[in-house]
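The values are calculated or read from the model by the stated rules, or taken from the named source; none is laboratory data. What you see is a predicted model, and the numbers here were worked out from it, not measured in a lab. FYI the Cβ positions are ideal-geometry reconstructions off the backbone, even for glycines, and counts take in every protein chain you see. Accessible surface is based on the protein model in full, side chains and every heavy atom, while ligands, DNA and RNA are left aside. Shrake-Rupley method; radii C 1.70, N 1.55, O 1.52, S 1.80 Å.
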Amino acid sequence: MLIALAQISPVLGEVDKNLRLHIKFIDKALQKGANVIVFPELSLTGYRLRDLTAEAALVPETSAPFGELVRLSRRISIVAGFVEATASGRFYNAAAFLSGGRILHIHRKVFLPTFGMFEEARFFAPGRDFRTFDSPLGRTGLMICRDFLQLSSGSLLQAGGAETIIVLSAAPGRGGTEGQGHAFATSRMWELMGETLSFFTSAFVVYCNRSGFEDGAAFAGGSFVYTPLGRLLAKAAYAEKDFLFAEIDRREILRARRLWSWTRDDKPEVALRVLQRVFHRHED
Amino acid sequence: MKIDCAFVERVLCAFVREELGKAGFRRGVVGLSGGLDSSVSAALAAEALGPKNVLGLILPYGRSYAADTEDARDLARRLKIRFRVLDIAPMVDAYFRAVPSKIRTLKGNKMARERMSVLYDFSAREKALIIGTSNKTELLIGYGTVHGDMACALNPLGDLYKTQVRQLAAHLRLPERILKKKPTAGLWPGQTDEDEIGLSYDELDRILYRLVDLRLSKAEVVSSGFARAKVERILVMIKKSQFKRCMPPIAKISSRTIGHDFLYPYDWGR
């Protein structure tokens, strides 16, 4: 399976322009023979939407740009980010896995960063689920940006049997001081989690971040793929546009699971029992 | 406080190029004083946009700062950017003939706003955007003229402390004279920033970095080895200058008000 990661810079609030950008990259990915293409968080709309949230929102079943991507997914599996509007008037920061002309799964971002420079919970309703599904990449789970940095998200996808974890991200870079790696300091935390989660779930971790600037904030790039043994398979440039390809060999999942029994030995029923007890004493 | 200069240079050049490009511009204007900040801004702009797309405006007040004017010309020639020298004394003097004053800062502020006025005029003439030169130190303590030297269309230096701008300047191989020069706002002859602020940039930046970037409390900063009086004075400067860093408040009457709940991003549609 050849997977393509499009480290693009969408136009803020312009779905049609961004759809054309997606199609351009889909064409390029097809030329290279890719089976799957992954775009960043909110790839169809741009990230810092604020009051543009409602204006850029799509209804998966009826919106034309979404339908266009669903049609294109007959030729290549597509993972893209968008604002999902519901009939009840809510907006979700969402990601869709499209394949074979169908919507295989839509994930709604659960952890909406709302502190410091982030204000997502002001504009989005939170998702409430981490669900795995079958895709050409095996049992698959999606996360959006900050979801990835909560340990529980990874555990839940592991409990769901995830073999491939795909993370769509729009992570701005912070902290350029004392850096030696020609990257923002924050890039390190994503890689730390990528390495850790891939190794301890024996699953592929595919992280697609974006590039470009919005209102002065630079997106950190540095998209990557880690193998089920925690080995870095491919990494994109930091803080600039890039188009990354990685060959994913699903046999590596079984190889990793022969060597390490993390996933076999996982005990979600213990987690459930402990969480139920802790939940009643949880201070919010 | 040490920065990865090569990486910062790359990010700031991309910022200048992309921010201008998204707004539909190719050209930039920079006010050149012959000092550190404007030289770094101009160097970044030249690298990002190509020297021919950058206009350096050297705007001295008469002959009072002849050496700085010469340094600015020298820099423009080294960077191979276009430049132009315009004396702002006739405009400033005409104003003070009408309403004389002995207060030096009034004249300094007027000079800063006269330069702003010329920069904006050339921004329109040249179909170019003004690339700002205010650094994080002066923005935080409010050491700048509101609607004067602080005015710009985009600012590549606003998140770098003065000492970090100096690191970047050395990395960009700017002339030794500019690197070594005592920083001055040029409000009056012989004035230096450090004398007027009463602190060296080195110490000021280290205190600001602890207060702002590390979010340490006053007590924590003092106990890490800085004089309480200095820390307190800096905190007062930050607080008193908040108005310079914000758009003026709009009195809210309606249910949707600019600045309150009419919340569109700056890069709307870009």
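Looking at the protein assembly as shown, the accessible area is 47 square angstrom per residue; that uses a 1.4 Å probe and ignores ligands, DNA and RNA. log₁₀ I(q)/I(0) of chain B at q = 0.10 Å⁻¹, via Debye over equal Cα point scatterers, no solvent, to two decimals? Calculated log10 I(q)/I(0) at the listed q: -0.55.
Reported value for segment A:222-280: 128 Å³ per residue, from the convex hull of its C-alpha atoms.
Shape call for segment A:175-284 from the C-alpha gyration tensor, a ≥ b ≥ c root eigenvalues: rounded (a/c under 1.5), prolate (a/b greater than b/c) or oblate? Verdict is oblate for segment A:175-284.
Computed over protein heavy atoms with a 1.4 Å probe, the carbon and sulfur contribution to the accessible area of segment A:37-123 reaches 50%. Just the number: Rg to Rh for segment B:116-270, Cα atoms, Kirkwood Rh, two decimals. So for segment B:116-270, dividing Rg by the Kirkwood Rh gives 1.01.
With a 1.4 Å probe, how much accessible area is buried between chains B and A, both sides summed, in Å² to the nearest hundred? Provide the component values of the computation, followed by the final result.
On the way: alone 14630 and 13530 Å², together 26000 Å².
Adding both sides of the contact gives about 2200 Å².
For the protein assembly as shown, the 222 nm mean residue ellipticity estimated from helices alone, with every DSSP H stretch of n ≥ 4 adding -39500 (n - 2.57) and the total spread over all residues, rounds to -11500 deg cm²/dmol. Within the same chain, aspartates and glutamates fewer than 8 places from B:LYS244 are excluded, and of the rest, those with a Cα less than 12 Å from its Cα are B:GLU138, B:ASP149. Among the trypsin sites (Lys or Arg not before Pro) in segment B:43-92, those located in a DSSP loop and surrounded by at most 10 other Cβ atoms within 10 Å of their own Cβ are B:ARG63.
Couplings 3J(HN,Hα) for segment A:109-116, derived from phi with the Karplus relation 6.51 cos²θ - 1.76 cosθ + 1.60 (θ = phi - 60°), are 4, 8, 9, 9, x, 9, 6, x Hz, where x marks Gly and Pro. A dipole drawn for the protein assembly as shown from +1 and -1 charges on Cβ atoms has a positive end, and of B:GLY132, A:ILE76, A:PHE124 the residue lying farthest that way is B:GLY132. Using a 1.4 Å probe over the heavy atoms of the protein chains, calculate the carbon and sulfur portion of the accessible area of segment B:1-102 as a whole percent. Accessible surface attributable to carbon and sulfur in segment B:1-102 totals 55 percent. Estimate the FRET efficiency between A:ARG74 and A:ARG231 by the formula 1/(1 + (r/R0)^6), using the beta-carbon distance for r and 51 Å for R0, to the nearest 0.05. According to the calculation, E is roughly 0.95.
With a ≥ b ≥ c taken as the square roots of the eigenvalues of the C-alpha gyration tensor of chain A, please select rounded if a/c is under 1.5 and otherwise prolate if a/b is larger than b/c or oblate if it is not? Display every interim value, and only then the final one.
Values: a/c = 1.26, a/b = 1.16, b/c = 1.09.
In terms of gyration-tensor shape, rounded.
Where in segment B:107-136 are there trypsin sites (Lys or Arg not before Pro) that are in a DSSP coil and have at most 16 other Cβ atoms within 10 angstrom of their Cβ?
In loop regions of segment B:107-136 (DSSP not H, G, I, E or B), the sparsely surrounded trypsin sites (Lys or Arg not before Pro) are B:LYS127.
Here is the list for segment A:126-233: trypsin sites (Lys or Arg not before Pro) lying in DSSP coil, each with at most 10 other C-beta atoms within 10 angstrom of its C-beta, are A:ARG128. With the simple spin-label model, which puts each label point 7 Å out from Cα in the Cβ direction, the B:ALA6 to B:HIS260 separation comes to 5.2 nm. Here each label is just a point 7 Å from Cα along the line to Cβ, and for B:GLU196 and A:LYS267 those points are 6.9 nm apart.
Centre-to-centre, using Cα atoms only, segment B:73-90 and segment A:107-148 are separated by 52 Å. For segment A:7-39, list whatever residues lose no less than 30 Å² of accessible surface once every protein chain is in place, relative to that chain by itself, with the probe at 1.4 Å. The answer is A:LEU12. The separation of segment B:171-247 from segment B:25-66, counted between C-alpha centres, amounts to 24 Å. Across segment A:207-223, coupling constants 3J(HN,Hα) worked out from phi with the 6.51/-1.76/1.60 Karplus curve, θ = phi - 60°, read 10, 10, 9, 10, 10, x, 10, 9, 6, x, 8, 8, 7, 7, x, x, 4 Hz, and Gly and Pro carry x.
Per residue, the convex hull spanned by the Cα atoms of the protein assembly as shown measures out at 189 cubic angstrom.
At a Förster distance of 41 Å, what's the computed FRET efficiency of A:ARG250 paired with B:ARG82, Cβ-Cβ distance as r, to 0.05?
Numbers: r = 58 Å, r/R0 = 1.42.
About 0.10, to the nearest 0.05.
The longest stretch of chain A left intact once loop-based GluC sites (Glu not before Pro) with at most 13 other Cβ atoms within 10 Å are removed from consideration, loops following DSSP, is A:62-177. 3J(HN,Hα) along segment B:212-219, derived from phi through the Karplus expression 6.51 cos²θ - 1.76 cosθ + 1.60 where θ = phi - 60°, amounts to 8, 6, 8, 6, 6, 6, 4, 4 Hz, with x in place of Gly and Pro.
Under 5 Å from the amide H of A:LEU12 lie the amide H atoms of B:GLY269, B:ARG270, each residue being 5 or more positions distant or on a separate chain, with H modelled from the backbone and absent for Pro and chain starts. Cα gyration tensor of segment A:92-210, axes a ≥ b ≥ c as square roots of the eigenvalues: rounded (a/c below 1.5), prolate (a/b > b/c) or oblate? Since a/c reaches 1.5 but b/c is at least a/b, the shape of segment A:92-210 is classed as oblate.
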